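Student: My questions will all concern the structure given below.
What follows is calculated from the coordinates using simple rules that are stated; it is not laboratory data. Note that this is a predicted model, so its numbers are computed, not measured. Note that we place each Cβ from the backbone using ideal geometry, even for glycine, and neighbour counts take in every protein chain shown.
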Amino acid sequence: MISIEQPIIQMQGVEKVYGGYSPALKGVDLEISKGEFVFLTGPSGSGKSTLLKLLFCAERPTGGSIVVDDMDLSTLSGSQIPYLRRKVGVIFQDFKLLPNYTVFDNVALSLEVLGLTRKQVEKRVTAIIESVGLLEKINRLAVQLSGGEQQRVAIARAVVNRPPIILADEPTGNLDRARTTEVVELMNELNARGTTIIFATHDETLFTNTHRRVLTLREGILERDQKG
Ligand SMILES: Nc1ncnc2c1ncn2[C@@H]1O[C@H](COP(=O)(O)OP(=O)(O)OP(=O)(O)O)[C@@H](O)[C@H]1O
Ligand SMILES: [Mg+2]
């Protein structure tokens, strides 16, 4: 059987200039296949977060074209953005939890739009919270958790509605080695179930021994596009 790799993300000649400054991204061409898991690395300020932000319309490109799961982001209207966001789970450096909601509620809120029964919500939320190792704190308020625990709640929140694409921006930045390994394993499991993942990180140990593709940004230029 011939398998054709279907791109789920396509960027062509993408440029991003934040008003008045030198470009954060210059002529980025990138294709990511459905079900791929790629690492995105590069020095601080090289454009990693900018690239990810463009993929869920948190920022708009100043040049070039971006297509995500057949949605052309250059023509996407504001009212269509929620449809894009349902397909794209984001784990960001500045994760924002609702501080006075419990761990359970912070995660369950992402499922509201799906119209699941209370029982289904409970089952899914509990399972994902267990997989990030926070079951014993499920009824704590987010504000009562440590930074690393909050980061794990943000990860659970991003993946609980099973989006086909996950964009993770330094998702292990506040975590110790053991927790980092757990998060990478969770990403591997999600990827094994078909989720496309872009994982931005400075931590070379996460990708030096994998077969994953590693993308490197340097001063806004995508320098290397090869297997890691
Ligand atoms: N809102 C903004 N306004 C102006 N310049 C910005 C803005 N956001 C980012 N930049 C600039 O764009 C460049 C790329 O920033 P970006 O946050 O994408 O880098 P990064 O690779 O994610 O860095 P880090 O590893 O430190 O997170 C930097 O020079 C940064 O100063
Ligand atoms: Mg960044």
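Student: Those residues that are more than 16 Å from ligand 2 (Cβ to nearest atom) and among the β-branched types (Val, Ile, Thr), I need them from the range 6-37; list them, please.
Tutor: Scanning the range 6-37 gives Ile8, Ile9, Val14, Val17, Ile32.
Student: Still on this structure, please answer the following. Which members of the range 13-30 meet the condition of being in a strand (DSSP E or B) and either free of Cβ contacts under 8 Å to residues at least 24 places away in the same chain or loosely packed, with under 15 Cβ neighbours inside 10 Å (or both)?
Tutor: Gly13, Asp29
Student: Can you pull out the residues in the range 31-85 that are β-branched (Val, Ile, Thr), assigned to a loop (DSSP other than H, G, I, E, B) and within 16 Å of ligand 1 (Cβ to nearest atom)?
Tutor: Thr62
Student: Of all residues in the range 38-79 being more than 13 Å from Ala200 (Cβ to Cβ) and polar (S, T, N, Q), which is nearest to ligand 2 (Cβ to nearest atom)?
Tutor: Taking the candidates together, the pick is Thr62.
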